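We did not get these values from a lab; they are worked out from the coordinates using the rules stated. In this text the structure is predicted, and so the values were computed from the model without any measurement. Virtual Cβ from ideal backbone geometry, glycine too; neighbours counted across all protein chains shown.
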Protein chains: 2
Amino acid sequence: MAQSTKDRILDVAEQLFSGHGFGATSMRAITNAAGVNLAAVNYHFGSKDGLVRAIFERRLSPMNEERLRRLRILEQEHGAVIPVAELIKAFVGPALELSRDESAGGARFVRLLGRSYTEPSETVQAAVRSMSGQVIDRFKPAFSAALPELEGEELCWRLHFLVGTLAYCMSGSNMMRLIASGRITEPTEQERLLIRLTEFLAAGIQAPSSEEPVRTPFVVAAGHVRPSS
Amino acid sequence: MAQSTKDRILDVAEQLFSGHGFGATSMRAITNAAGVNLAAVNYHFGSKDGLVRAIFERRLSPMNEERLRRLRILEQEHGAVIPVAELIKAFVGPALELSRDESAGGARFVRLLGRSYTEPSETVQAAVRSMSGQVIDRFKPAFSAALPELEGEELCWRLHFLVGTLAYCMSGSNMMRLIASGRITEPTEQERLLIRLTEFLAAGIQAPSSEEPVRTPFVVAAGHVRPSS
DNA sequence: GTCTATAGGGGGATAGAC
DNA sequence: GTCTATCCCCCTATAGAC
């Protein structure tokens, strides 16, 4: 059950990055806390950026695989048109489940991941983006089929809002404490988060849209007004 | 029209913090870009943390005043029960309007503010929290009155989701590009964001809740079961 | 109010011994 | 694979001249 130097570095770095952010966590802090030598990070990961990428690789890739697996199951059950709430659960569920995995560090990683969506660091952006493209490519058409009344751009915005709400929940923001003002959220209530979040998101993404109905656009040209082809 | 050293530092710091984050922006970078001396930050703001607080003070306080002003107007128009969509617009509007103020740096600040909700830095958390408490204290009862069917804890979560979606939108996340995959969002469409966001949030916050209906709680005591008073 | 100079502490990365 | 030692950089904060 001996844990390798590499794994110890990953675990400790995940914890410190999660608690203080990437920029504010030094390699010295990581190697000290892990009880390994400073040079070990460069040996195993090449650089601090390499370590950051490895951390996302280790947890985000399996999480996204799980999302795709659940989508495939839904496609087998429902065919092309999947109920919206089921799509949301397939997308949101793996993240929230990982966040309950306190002992194995999953919770720490999820906090890190939530923040990474708004992180300015290019390294972090690139890592998350490269591992999330496939998920978007698969889920977006599925949502589109489930929400045929939503015009294309509106759908993009709705998905944007959905990802944003999830990212915020993942980040474990302290603002919840401000809103709840002392009210302690029980662990058992934390388990209701998937239900609460799905109810909110499903209603939001299916909201009636005031988007003007698709009109034939008019083009003004050379003195006369005519419908564009 | 001469801009004081203090204002130049604030403007440049806002821009650099917005682009690279707090931890990754040094005082040297700020003072160089502002064309002022390194020691000027410490003279005018005491420390880097003091500068951070001053930046939030300058923009967040007026923005929150505006939110409260709009809430007061709504209370005069509607009394205690204000339509949910109006409450959302009063809360979200000032932030989105500030984000369109490109020339005066408002847009940069809003990106910064959006990220600050998930920022691990204690200084940032404390600054935002101290300037947002009053807004929460005033809006929460208004939402509660507008949504009497929502049980207390459910309301906290719904507000949490609302703040999260807004924070994500403010942060100007790059993920929108991934979702839209090359589709360019026109400035005119950007102006529709308040409408889109309000539709999404209003539907989400009013979603039917599967929360067990309020039952008379039963108290087990001294051998008999009876409804609690 | 604004500057220079410097104190005093980390930062990431790497060469080379073991 | 792991260590020590070190290079050379940047960091914030402050003392004291102007």
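Over 20 Å intervals from 0, what percent of Cα-Cα pairs in the protein assembly as shown sits in each interval?
In order of increasing distance, the bins hold 22, 53, 23, 2, 0 percent.
Okay, helix-only estimate at 222 nm for chain A: each DSSP H run of n ≥ 4 adds -39500 (n - 2.57), divide by all residues, round to 500 deg cm²/dmol; what do you get? Before the final figure, lay out each step's value.
Working: 11 runs with 156 residues, N = 229.
Computed ellipticity for chain A at 222 nm equals -22000 deg cm²/dmol.
Given the Cα atoms of the stretch B:42-137, and with Rh set as the inverse mean 1/r over their pairs in the Kirkwood sense, what is Rg to Rh to two decimals?
1.03
Using a basic spin-label model with each label point 7 Å from the Cα along Cα→Cβ, how many nm lie between A:His78 and A:Ser103?
3.4 nm
Under a crude label model (7 Å from the Cα following the beta-carbon direction), how far is B:Ser130 from B:Asn32 in nanometres?
If labels sit at B:Ser130 and B:Asn32, their model points lie 3.1 nm apart.
Placing the label point 7 Å from Cα along the Cα-to-Cβ direction, what are the distances from B:Asn174 to the equivalent spots in the other copies, shortest first, in nm to one decimal?
2.7
Within the protein assembly as shown, how many Lys pairs that are eight or more residues apart, or on different chains, come under 29 Å at the alpha-carbon?
Eligible lysine pairs with Cα atoms under 29 Å apart amount to 8.
Label point 7 Å out from A:Arg138 along Cα-to-Cβ: which residues of the stretch A:56-79 have amide N under 14 Å?
A:61-77
Can you give me the relative contact order of the stretch B:1-90 as a percent, contacts being Cα pairs under 8 Å and 6 or more apart?
Numbers: 45 pairs, mean separation 17.9, N = 90.
It comes to 20 percent, rounded to a whole number.
Give the value in nm², to one decimal: projected area of the alpha carbon convex hull of the stretch B:57-207, averaged over all directions.
In nm², the orientation-averaged hull projection of the stretch B:57-207 is 9.7.
Can you give me the C-alpha center-to-center distance between the stretch B:1-57 and the stretch A:97-173, rounded to a whole angstrom?
Cα centres, the stretch B:1-57 to the stretch A:97-173: 32 Å.
Treating the Cα atoms of the stretch B:11-63 as identical point scatterers in vacuum, please give the log10 of the normalised Debye intensity I(q)/I(0) at q = 0.20, 0.25 Å⁻¹, two decimals.
Each listed q maps to, in turn, -0.66, -1.01.
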